[in-house]
């Protein structure tokens, strides 16, 4: 019995010495001096680096100094986007505060190379380019110019492209064949190059205060009452021959609002938006 107890005491004493020696060895941290016990490493707090926030989304408006284009630029500026315009005449003559926040570029869409620099770092393009004249002139302005812009935007990797086209007015289309043929060519090009980020707005008569030779013409005097009356007449617009003539007018402010939203809201559905869709989207805040 005494022998067993003696052995247990010796075992506990040995374990104690081994444990003590182990602790001492663990405390010697990479020291060249066997008699010196190093202090534990001090961990200093890393410097916090704040990531740079992305700048405002850049929107390019083609034809930004026109009636519709100027309202689109104004709307985009008010929503806080970085806005630039590209047109034949360059800077707008409008003397308002928002115009000073737009970068005005001059060039021709019929010369595609003149547009490339304006497309740099652009996330969305809104084309308000259109015009009247002879059939060949109308096809160039409404068709060829916009086709060139759509192709340039696709090559530059622009995410979204909004094209402000025009509603069909039945037999009136034949009276302005070059105008509508050009519009349809641009629409087909857009749907081909931007199947997931292309939006076509098709308003009818666009009303609002328009400047003609420096004089303000209040088109809303006629357009606004007609809009109130005809916006609920969608079934009548499907009637043959006369139906398209009952397409309700829409305000330029509504067109601008929907155009900017379509260009900057990733959730906005791609495809064609008719005048009734513009009226509906224009009501949303």
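Quick check: the distance between the Cα centres of the range 131-160 and the range 56-123, to the nearest angstrom? Cα centres, the range 131-160 to the range 56-123: 16 Å.
Placing dummy labels 7 Å off each Cα toward the beta-carbon, the span from residue 94 to residue 171 is 3.8 nm.
Label zone (residue 265, point 7 Å along Cα-to-C-beta; backbone nitrogen cut-off 20 Å) within the range 188-204: 195-204. Arranged from fewest to most other beta-carbon atoms within 10 Å of their beta carbon, 139, 179, 174 become 174, 139, 179.
Taking every DSSP beta bridge that has both ends in the range 71-223, the antiparallel portion is near 25%.
The numbers here are math on the coordinates, done by the rules we state, and not lab data. Just so it is clear, the model here is predicted, and its values are computed rather than measured. Ideal geometry is used to build each Cβ from the backbone, glycine not excepted, and the neighbour counts take in all protein chains shown.
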